[in-house]
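All remarks here apply to the structure that follows.
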Amino acid sequence: MTNSFPTFEGAYCPVPLRHNDQIVMGHGSGGRMTSELIQRVFTPFLSSPPLLEGNDFARVSLPFEAGMKGHLSISTDSHIVSPIFFRGGDIGRLSICGTVNDVCMAGAIPLYLTAGFILEEGLPVEFIEIVVQSMQAAAQEAGVQVIAGDTKVVEKGKADGLFINTAGVGWIPEDRIIGGEQARPGDVVLISGTMGDHGIAVLAARGDLGFETGIASDVAPLNHLIHAVLAAAPHTHVLRDPTRGGLATTLNEIAVQSNAGIWLEEKTIPIQPEVRAACEMLGFDPFYIANEGKVIVIVPPDEADAALKAMCSNRYGEMAARIGTVKADPAGRVLLKTSIGGTRIMDVLAGEMLPRIC
Amino acid sequence: MRYVDEFRDAGLVKGVLDEIRHIVTRPWVLMEICGGQTHSIMQSGLDQLLPREIELVHGPGCPVCVTSLELIDKALAIASQPGVIFCSFGDMLRVPGSQQDLYSIRARGGQVKVVYSPLDAVRIAQENPDKQVVFFAIGFETTAPPNVTSVIQAKALGLKNYSVLVSHVCVPPAMHAILGSPQNRVQGFLAAGHVCAVMGYWEYLPIAGKYHVPITVTGFEPLDLAQGILMTVRQLEAGIYEVQNAYTRAVSQEGNRTAQAMIFKVLQPVDRNWRGIGLIPMSGWGLRPEYADFDAEKRFDVSAIQTRENEICIAGQILQGLKKPVQCPAFGTLCTPQTPLGAPMVSSEGACNAYFRFGNLELSKKNETR
Amino acid sequence: MCLGVPGKITAIYTSGTLQMAKIDFGGVIREACIEAVPEAKIGDWTIIHAGFALNMMSEEEAQETLDALRQLALIDEEINASEQNLPATFGG
């Protein structure tokens, strides 16, 4: 017969699990779990004086002396890339470089970024650590600070692991007028390097199409390269990074904004052989595939050589090339002289680029 | 890329084009009957570099464009059903049915997956035993070997959750239909190189003989196409009508017998409705009775489908080479790649899409001296 | 219907009941089914469509075609030059 009198010897206080390994809904509550997550995972890698102040805002100053005039360049981007890790980078590096680059396309000096995170329930915390460290490295390379942040958690299935939004602000010196509407007939079109690397690298990492390749994403902060270009070619008219939709779509945007025609020479556009091979196999056109570390530079003809030389001297512009010219006609269109000497129109990307059998 | 770059050599292409220019004495109408060739011609701008005597028309060589509206609607009905993972080549995703496309099904929560190979669809079936996986088996003869292999593999694995919606079409009956039409203008044919890599070109001998039309088996790179055109024009100028092979590195007269045996193990000739053209008897392939279990049309109840073709779209006339896309009243206005009315504008191989994206002959001719 | 790309076989193996191969497309590697080319060996070239080898690709035939077209290009250069009464230039 057992002794049924309770002994209290097995009693213990059921302390809640710490959930150090994966994100749970509690991490998004705004309470202690949230602050612990931020302290443990974000702050060691992505901090700045404004962030450490712990306010709901960041108070920062702009780096100009009294009396200097200029403008702000502000941009925002949301990053939903899947998978979050791929050869050459990850969503963290992408989120910093993407916004730094967008801000720079005004000819601005990038200064400050904000970062908002949407975490999916179940996401391994280790993934966040890797991503945040990657963001730190990219921010340091670019010379920018992340000064405000936010973290939310959504239920499993409501986000693809991790979404990041970054917004950025930069400073444009007063005399600088750079924009998609500034291309003029006679201008020279330059590209800072090979096309299609990022899109193919992400596709390979996704695994759905089952191919292996050594191609790495080109994701990189371009502000130092752009700074060098603007020093060598101070009358640069257009800067734009050919991200989603690729080179063809981006040049079409510029052609429409400037109401000019852009004429390209197919054989001058640099493409890595492996990217070409992947595109051939899948039926893709490399001119429509996203790039995350390249910039289109459109300059007056007398500054083209200097701009090109400046790019080639930068680690992210070694394969820079002259790829075309701007003419008055046909206004708003992009034309390509093909490698066999024909001429065709390069239109914008219609929808999603999908592997084809035809 | 080896065996690709050499066949894009600008100097060699120029040599062939010069030869065509030297030998041509009168206008000729040539047809290529392969979406891949249409794409290559338009992408390289080859058609603009041909002497004006040569008119190239684009035949019904895009399986996406010629898949019947009824079958598209059946595909959409199947894809809409819960518990189905509908797998398809990317080409088919935006082809409009009577009211919607696979994209809109996906947006409403249907599971639609793009695959590079039908064997990937079999793998998806293995990984999702609680779902019905259906593969949209479209294509000409070229795509039949991988499509039937997926069925053979599924049967060998004992999969009960894999089926195929078959819409195979064959080239020779289409050529008969075009050449036999009283409105036919085609005088020479470029035969599709990869169809012939599988099937050989012995089937074209009676066609050349019956209609007195030279046929040249042609590859896909600009140099291949130029060479195919040259060999066809040579025959036309000499008044002969044989079947010749310009794609010798991949094609023999008998074709790939092993591949053919695989095809006929699983498929048999059936009547097929060609979108925009109509019924061509015995112009397609369907599953043999032994493989009826894998027929998605039988597995899913899709009999009560009402089809409604867009009345403005003149795809039929374009696919037969009777009209050019630019002659369609809707081309470039109501009908664009973003807002397609018919299949030839959707498929990147479709004549209308190719013309829209790559076309504009006046512009290029104006700048020939550039 | 015809996106077929030449690729070189770098490995052959069985997967389930199917003969498969690793195909090198010039630095990009993908698996393809080689059931229709039972004679294929490592190092051979095939035409790959939708993950399937349609047929062998003959390197000799490819070379012969290119050689013939090179000859044609040279002949046409000479014809063009004589038509324009200019000295013939080679290469192109």
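The values are calculated or read from the model by the stated rules, or taken from the named source; none is laboratory data. Source: prediction; values computed, not measured. Virtual Cβ from ideal backbone geometry, glycine too; neighbours counted across all protein chains shown.
Residues in the range B:242-260: is at least one more than 14 Å from chain C (Cβ to nearest Cβ) and modelled with pLDDT of 95 or more? Yes. Apart from one condition, A:VAL144 fits all of (1) in contact with a Leu (Cβ under 9 Å, 6 or more places away or on another chain); (2) surrounded by fewer than 24 Cβ atoms within 10 Å (Cβ to Cβ); (3) under 22 Å from A:PHE57 (Cα atoms); the exception is (2). Can B:ARG123 be described as outside any loop (DSSP other than H, G, I, E, B), basic (Lys, Arg) and farther than 25 Å from B:PRO337 by Cβ? So B:ARG123 fits the description; yes.
Just one of the listed residues (A:LYS337, A:LYS294) is surrounded by fewer than 24 Cβ atoms within 10 Å (Cβ to Cβ) and among the charged types (D, E, K, R), namely A:LYS337. Looking at the range B:36-59, can you tell me whether even one residue there is within 21 Å of B:LEU236 (Cα to Cα), touching a strand residue (DSSP E or B) at 6+ places or on another chain (Cβ under 6 Å) and within 11 Å of chain A (Cβ to nearest Cβ)? Looking for residues that are within 21 Å of B:LEU236 (Cα to Cα), touching a strand residue (DSSP E or B) at 6+ places or on another chain (Cβ under 6 Å) and within 11 Å of chain A (Cβ to nearest Cβ), one finds at least one in the range B:36-59, hence yes.
Residue-by-condition table, conditions (1) more than 10 Å from chain C (Cβ to nearest Cβ); (2) part of a helix (DSSP H, G or I); (3) among the β-branched types (Val, Ile, Thr); (4) surrounded by fewer than 24 Cβ atoms within 10 Å (Cβ to Cβ):
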| residue | (1), (2), (3), (4) |
| --- | --- |
| B:ALA137 | yes, no, no, no |
| B:THR143 | no, yes, yes, no |
| B:ILE152 | no, yes, yes, yes |
| B:LYS155 | no, yes, no, yes |
| B:GLY158 | yes, no, no, yes |
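Just one of the listed residues (A:ALA290, A:ALA304) is among the aliphatic types (A, V, I, L, M) and out of contact with any helix residue (DSSP H, G or I) (no Cβ under 8 Å at 6 or more places or on another chain), and it is A:ALA304. Every test in (1) within 8 Å of chain B (Cβ to nearest Cβ); (2) surrounded by fewer than 18 Cβ atoms within 10 Å (Cβ to Cβ); (3) acidic (Asp, Glu); (4) over 24 Å from the mean Cα position of the chain (by Cα) is passed by A:GLU352 save one, and that test is (4). Is there any pair linking a residue in the range A:175-199 that is assigned to a loop (DSSP other than H, G, I, E, B) to one that is among the basic types (Lys, Arg), with Cβ under 6 Å and at least six apart or on different chains, and which? Correct list of pairs: A:PRO185/A:LYS327; A:SER192/A:LYS294; A:GLY193/A:LYS294. Restricting the search to the range B:6-35, which residues are of a type outside the set (Lys, Arg), within 9 Å of chain A (Cβ to nearest Cβ) and more than 18 Å from C:GLU78 (Cα to Cα)? Scanning the range B:6-35 gives B:ASP9, B:CYS34, B:GLY35. Here the range A:232-260 is the region considered, the condition is being in a helix (DSSP H, G or I) and over 22 Å from A:THR343 (Cβ atoms), and the residue that is nearest to the chain's Cα centre (by Cα) is A:GLN257. Against the conditions (1) more than 7 Å from chain B (Cβ to nearest Cβ); (2) of a type in the set (A, V, I, L, M, F, W, C); (3) within 30 Å of A:ASP197 (Cα to Cα), C:ALA50 satisfies every one except (1). Taking the range A:279-355 as the region of interest, the strands (runs of 3 or more DSSP E) fully inside it that hold 2 or more residues being out of contact with any Phe, Trp or Tyr (no Cβ under 9 Å at 6 or more places or on another chain) and touching a residue at least 40 places away in the same chain (Cβ under 8 Å) are A:296-299, A:321-327.
Taking the stated definitions as given, is A:ASP160 over 23 Å from A:ILE215 (Cα atoms), outside any loop (DSSP other than H, G, I, E, B) and acidic (Asp, Glu)? Against the criterion (over 23 Å from A:ILE215 (Cα atoms), outside any loop (DSSP other than H, G, I, E, B) and acidic (Asp, Glu)), A:ASP160 does not qualify.
Residues in the range A:261-275 that are part of a helix (DSSP H, G or I), touching a residue at least 40 places away in the same chain (Cβ under 8 Å) and within 15 Å of C:GLY27 (Cβ to Cβ): A:GLU274, A:VAL275. Restricting attention to the range B:100-130, the residues that are among the charged types (D, E, K, R) and within 14 Å of B:SER80 (Cβ to Cβ) total 3. Would you call C:ALA36 within 10 Å of chain B (Cβ to nearest Cβ), aliphatic (A, V, I, L, M) and closer than 21 Å to B:ALA156 by Cβ? The answer is yes for C:ALA36. Quick check, is B:ILE240 in the same structural domain as B:ASP271 (by TED's automatic domain parsing), closer than 30 Å to B:MET262 by Cβ and either of a type outside the set (D, E, K, R) or buried (at least 24 other Cβ atoms within 10 Å of the Cβ) (or both)? It is false that B:ILE240 is in the same structural domain as B:ASP271 (by TED's automatic domain parsing), closer than 30 Å to B:MET262 by Cβ and either of a type outside the set (D, E, K, R) or buried (at least 24 other Cβ atoms within 10 Å of the Cβ) (or both).
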